[in-house]
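Trainee: Have a look at this one.
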Amino acid sequence: MQLSSYQFETGNLELLARQAVEGFIIGLHKSPFHGFSVEFAEHRLYNPGDNLRHIDWKVFGRRDKLFVKKYEEETNLRCCIALDVSASMSFGYAGGMSKIQFSALAAAAMMQLLKKQLDAAGMYLFSDKLLSGSAIKSSERHYKSLIAELEVLLSKPLTERGTNLPAVMHELAETLPRRGLVLIFSDFMNDLSQEEELYAALQHLRFMRQEVILFQVGDAQREWSFEFENRPYEFIDAETQERVRLVPADVKEAYLAQISAYHQRLEEHCLRYNIDLIRCDTHTNLNQILYSYLVKRNKMM
């Protein structure tokens, strides 16, 4: 679904997330990648040596493939979703979806997919530190509570000013149980003086045996391509309230050079540490996010 056509209203986050996941699964089954186990979250393919008593013969009759019933204790994927709620995430342009709205919807959709796979999920909110965190569970009640927390988050303005990604990632590395999947939604607009600390924190997460996917959320047209009308603007830093007046064309070349160089350095370090980095435009759909999770999950299981 195209996200720009949806308006956020209190109480509809779960519905939008469910619609996004259902549309994604339909598209996945029609694509060359239909082999991903989405439809049969409660089954897995039969492997030689499996107990024949666990074969689901009804599924065999429909699919002509052997599946064994997959019990909840077999689903050992533990997923932590970390969501940046600093003030810079409130940016949204010309009535479009803000970065926090996009990230919350993506997180809710991810939870729907995790629930279908009988996987366990937990959620952390952060700015310059971890602000809240939940246990990692797979119960229906737990998923409902996480969605409710996201609804509350979207119902009021973001008040947290700063971002300290290195401190947050170090804390996550020390807090989370070993061997899991960590999904981080952020614009990654951290102080460039902390850039090396950021890479060290990413390395710390990997050292603690966490699989990591970074979802870099932004308005591609304005924040990454700096496309504005050729007239004076006043830009306000949401986290420091610093203001600057300028004509975008006067600084566009220098801005693009710096943002491109930062993106390249981040990509290189992620590649070095075997971390997936997914750049997410707030004006596109969620399919790339959901697909990235499935790829990582299938590698881990």
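Trainee: Any idea how many residues of the stretch 92-145 are touching a residue at least 60 places away in the same chain (Cβ under 8 Å), under 25 Å from GLU171 (Cβ atoms) and either open to solvent by 10 Å² or more (accessible area, probe 1.4 Å) or in contact with a Pro (Cβ under 6 Å, 6 or more places away or on another chain) (or both)?
Mentor: Number satisfying all stated conditions: 1.
Trainee: Further question: When both residues are 6+ apart or on different chains and their Cβ atoms are under 9 Å apart, which pairs have a first residue that lies in the stretch 197-220 and is open to solvent by less than 10 Å² (accessible area, probe 1.4 Å), and a second that is in a helix (DSSP H, G or I) and among the polar types (S, T, N, Q)?
Mentor: ILE213/SER292; PHE215/SER103; PHE215/SER292; VAL217/SER103
Trainee: Still on this structure: Condition (residue is surrounded by 15 or more Cβ atoms within 10 Å (Cβ to Cβ) and at pLDDT 80 or above) applied to the stretch 66-75: is it met by at least one residue?
Mentor: Checked against the condition, which is being surrounded by 15 or more Cβ atoms within 10 Å (Cβ to Cβ) and at pLDDT 80 or above, the stretch 66-75 yields no hits at all.
Trainee: Quick check on my filter: what residues within the stretch 246-292 are among the aliphatic types (A, V, I, L, M), closer than 26 Å to GLN101 by Cα and in a helix (DSSP H, G or I)?
Mentor: Step one: of the stretch 246-292, the residues among the aliphatic types (A, V, I, L, M) are 246-247, 249, 251, 254, 256-257, 259, 261, 266, 271, 275, 277-278, 286, 289-290.
Within this subset, residues satisfying the condition of being closer than 26 Å to GLN101 by Cα are 256, 259, 266, 275, 277-278, 286, 289-290.
Within the stretch 246-292, LEU256, ILE259, LEU266, ILE289, LEU290 meet the criteria.
Trainee: Something else now. Can you confirm whether PRO48 is at pLDDT below 65 and open to solvent by 90 Å² or more (accessible area, probe 1.4 Å)?
Mentor: Working: at pLDDT below 65: no; open to solvent by 90 Å² or more (accessible area, probe 1.4 Å): yes.
Considered against the rule, which asks whether it is at pLDDT below 65 and open to solvent by 90 Å² or more (accessible area, probe 1.4 Å), PRO48 comes out as no.
Trainee: Across the stretch 253-278, which residue is nearest to GLY23 (Cα to Cα) among those that are open to solvent by less than 70 Å² (accessible area, probe 1.4 Å) and touching a strand residue (DSSP E or B) at 6+ places or on another chain (Cβ under 7 Å)?
Mentor: Among those residues, the one meeting the criterion is ILE278.
Trainee: Follow-up question, since we're still on this one. Might you let me know whether the stretch 280-292 holds any residue that is open to solvent by 80 Å² or more (accessible area, probe 1.4 Å) and of a type outside the set (Lys, Arg)? Outline the logic, then answer.
Mentor: The initial filter retains those residues of the stretch 280-292 that are open to solvent by 80 Å² or more (accessible area, probe 1.4 Å), namely 288.
So of that shortlist, the ones also of a type outside the set (Lys, Arg) come out as 288.
Scanning the stretch 280-292, I find at least one residue that is open to solvent by 80 Å² or more (accessible area, probe 1.4 Å) and of a type outside the set (Lys, Arg), so the answer is yes.
Trainee: Before we move on, is THR159 touching a Gly at 6+ places or on another chain (Cβ under 8 Å) and within 30 Å of LYS137 (Cβ to Cβ)?
Mentor: Numbers: touching a Gly at 6+ places or on another chain (Cβ under 8 Å): no; within 30 Å of LYS137 (Cβ to Cβ): yes.
In short, no.
Trainee: Mind checking which strands (runs of 3 or more DSSP E) fall wholly inside the stretch 63-179 and carry at least 3 residues that are over 27 Å from THR284 (Cα atoms) and within 18 Å of the chain's Cα centre (by Cα)? Reasoning before the result, please.
Mentor: Working: elements: 67-69, 78-84, 120-126, 130-133.
Those strands (runs of 3 or more DSSP E) span 130-133.
The values are calculated or read from the model by the stated rules, or taken from the named source; none is laboratory data. None of the values given here were measured: they were computed from a predicted structure. Counting neighbours? That spans all protein chains shown, and the Cβs are built from the backbone with ideal geometry, glycine included. Note: accessible area is taken over every heavy atom of the protein model, side chains too, but ligands, DNA and RNA are not part of it. Shrake-Rupley method; radii C 1.70, N 1.55, O 1.52, S 1.80 Å.
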